[in-house]
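Right, one structure below, let's go through it.
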Amino acid sequence: MKVAVLGAGAIGAYVGAALDRAGADVHLIARGPHLAAMRRHGVRVESPRGDFTARVHATDDPTEVGPADFVFLGLKANAYAACGPLIAPLLHDTTAVVAAQNGIPWWYFHRHGGPHDGHRVESVDPGGAVSAVLAPERAIGCVVYAATELSGPGVVRHLEGTRFSIGEPDRSASKRCEVFAEAMRAGGLKCPVERELRHDIWIKLLGNISFNPISALARATMREMCLHGGTRQVIELMMHETLAVAAALGCRPDISVERRLAGAERVGDHRTSTLQDLERGKPLELDVLLAAVVELADITDVPVPTLRTVHALSDLLATQSRSTP
């Protein structure tokens with residue numbers, strides 16, 4: 001099985017290293033000092049489950065890799081529309097794209113069934129730009145429950161969690177999902193194939209949609225947001241509104257707001273990825289997390305006043321951060 005990891009950052013390199021341990025033919029596509037380190041020393045994984053090094057092929061040129069059976073997409077969702085030149089050399093007729101993204105994916109309504117079947121979510125697929133590069137037929141959804149970070153070039157620190165839930169947009173138990181999941185499990189990761197992956201999407205989104213933008217607006221950690229009465233109340237309202245939109249689309253995630261908040265508080269003084277991106281001057285990945293759900297509220301006629309307010313504020317913040325030299 002040949003796997004190309006496009007965007008081999010912390011999560012991508014971690015998955016690539018695990019698949020290499022399983023015997024897959026793995027190719028990591030990255031850039032900068034991280035790429036240089038992986039070329040010299042391989043991927044070093046530091047984990048409570050045991051440290052190891054995977055010596056895999058790493059490059060910044062996808063044409064060196066050629067077509068693969070699977071492309072694991074480790075890019076941020078806001079980079080998908082522009083990734084055409086990078087991903088095109090990696091595709092053959094049946095290449096599957098395993099998209100490890102937060103938020104609402106571009107394929108959400110592909111073979112969804114019901115009144116919104118085939119609907120394009122403009123916030124995440126503006127004008128069909130993402131679908132033109134990543135055909136929904138290739139997509140295997142992936143919800144990441146693992147936490148990793150780059151502690152240095154070529155060094156992945158695995159913090160917690162090994163679960164990568166995957167599933168087909170049409171809810172089928174496909175052969176390609178089983179093949180990929182088997183390789184992930186052989187590499188030491190959990191990889192359940194979920195018929196109703198959209199439920200997992202909403203469970204993960206429940207935290208991302210609230211904590212991520214609020215953390216950027218308030219420059220606050222998870223613990224600080226949970227312990228401050230005002231932000232905790234705003235987050236509760238955002239979560240309840242998000243669950244209402246999910247329910248209108250036929251998804252009822254099996255998790256309570258209280259349980260989600262308690263789990264976030266236990267995380268402690270963790271800075272969300274959105275806050276880290278803001279501090280590093282990187283684009284904020286808020287369209288798939290927040291704008292998309294506001295858009296879905298519009299098509300389902302669900303009132304989401306808190307989500308709209310936070311979206312307006314965080315959108316202005318994102319605009320300002322883009323214009324700051």
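The values are calculated or read from the model by the stated rules, or taken from the named source; none is laboratory data. Just so it is clear, the model here is predicted, and its values are computed rather than measured. Positions of Cβ are generated from backbone atoms using ideal geometry, with glycine treated the same way; all protein chains shown enter the neighbour counts. When the accessible area is computed, the model is the full protein with side chains, heavy atoms only, and any ligands, DNA or RNA have been set aside. Shrake-Rupley method; radii C 1.70, N 1.55, O 1.52, S 1.80 Å.
Of all residues in region 153-180, which are small (Gly, Ala, Ser), open to solvent by 10 Å² or more (accessible area, probe 1.4 Å) and on the phi < 0 side of the Ramachandran plot?
Answer for region 153-180, where residues must be small (Gly, Ala, Ser), open to solvent by 10 Å² or more (accessible area, probe 1.4 Å) and on the phi < 0 side of the Ramachandran plot: Ser172, Ala173, Ser174.
Which condition does Ile166 not pass, out of (1) more than 15 Å from the chain's Cα centre (by Cα); (2) within 19 Å of Leu205 (Cβ to Cβ), if it passes all the others?
(1)
What is the one condition in (1) under 16 Å from Ser215 (Cβ atoms); (2) of a type outside the set (Asp, Glu); (3) free of Cβ contacts under 8 Å to residues at least 60 places away in the same chain; (4) in a helix (DSSP H, G or I) that Thr319 does not satisfy?
Status for Thr319: all satisfied but (1).
Are any residues in region 6-49 in a strand (DSSP E or B), open to solvent by 30 Å² or more (accessible area, probe 1.4 Å) and over 18 Å from Ala146 (Cβ atoms), and if so, which ones?
Hit for region 6-49 is Asp25, nothing else.
When only residues in region 265-291 that are under 18 Å from Glu224 (Cα atoms) and small (Gly, Ala, Ser) count, which is least open to solvent (accessible area, probe 1.4 Å)?
Only one residue tops the list, namely Gly268.
Looking at Ala262, is it closer than 19 Å to Ser123 by Cβ, assigned to a helix (DSSP H, G or I) and open to solvent by 10 Å² or more (accessible area, probe 1.4 Å)?
no
In region 181-229, how many residues are acidic (Asp, Glu) and outside any helix (DSSP H, G or I)?
The qualifying residues number 2.
Based on what the data block shows, is Ile214 at pLDDT below 90 and either in contact with a Phe, Trp or Tyr (Cβ under 8 Å, 6 or more places away or on another chain) or of a type in the set (A, V, I, L, M, F, W, C) (or both)?
No.
Does region 292-325 hold any residues that are open to solvent by 50 Å² or more (accessible area, probe 1.4 Å) and within 21 Å of the chain's Cα centre (by Cα), and which are they?
Selection gives His311, Asp315.
Evaluate the following for Arg120: is it in contact (Cβ under 8 Å) with a residue 40 or more places away in the chain, over 24 Å from Arg39 (Cα atoms), open to solvent by 50 Å² or more (accessible area, probe 1.4 Å) and of a type in the set (Lys, Arg)?
Spelling it out, it is not the case that Arg120 is in contact (Cβ under 8 Å) with a residue 40 or more places away in the chain, over 24 Å from Arg39 (Cα atoms), open to solvent by 50 Å² or more (accessible area, probe 1.4 Å) and of a type in the set (Lys, Arg).
Any idea which residue in region 78-99 is farthest from Gly127 (Cα to Cα), counting only those that are in contact with a strand residue (DSSP E or B) (Cβ under 8 Å, 6 or more places away or on another chain) and part of a helix (DSSP H, G or I)?
Within region 78-99, the match that is farthest from Gly127 (Cα to Cα) is Leu90.
Scan (1) modelled with pLDDT of 95 or more; (2) among the β-branched types (Val, Ile, Thr); (3) under 21 Å from the mean Cα position of the chain (by Cα) for the single condition Val234 breaks and write down its number.
Every condition holds for Val234 apart from (3).
Given the conditions (1) touching a residue at least 12 places away in the same chain (Cβ under 8 Å); (2) on the phi < 0 side of the Ramachandran plot, report the number of the one that Gly250 does not fulfil.
Only one criterion in (1) touching a residue at least 12 places away in the same chain (Cβ under 8 Å); (2) on the phi < 0 side of the Ramachandran plot is unmet by Gly250, namely (2).
What's the number of the condition Val3 fails, among (1) open to solvent by 20 Å² or more (accessible area, probe 1.4 Å); (2) modelled with pLDDT of 95 or more; (3) not basic (Lys, Arg)?
Only one criterion is unmet by Val3, namely (1).
Does His57 fit the bill of being farther than 24 Å from Asp170 by Cβ, touching a Ser or Thr at 6+ places or on another chain (Cβ under 8 Å) and either open to solvent by 50 Å² or more (accessible area, probe 1.4 Å) or among the hydroxyl-bearing types (Ser, Thr, Tyr) (or both)?
no
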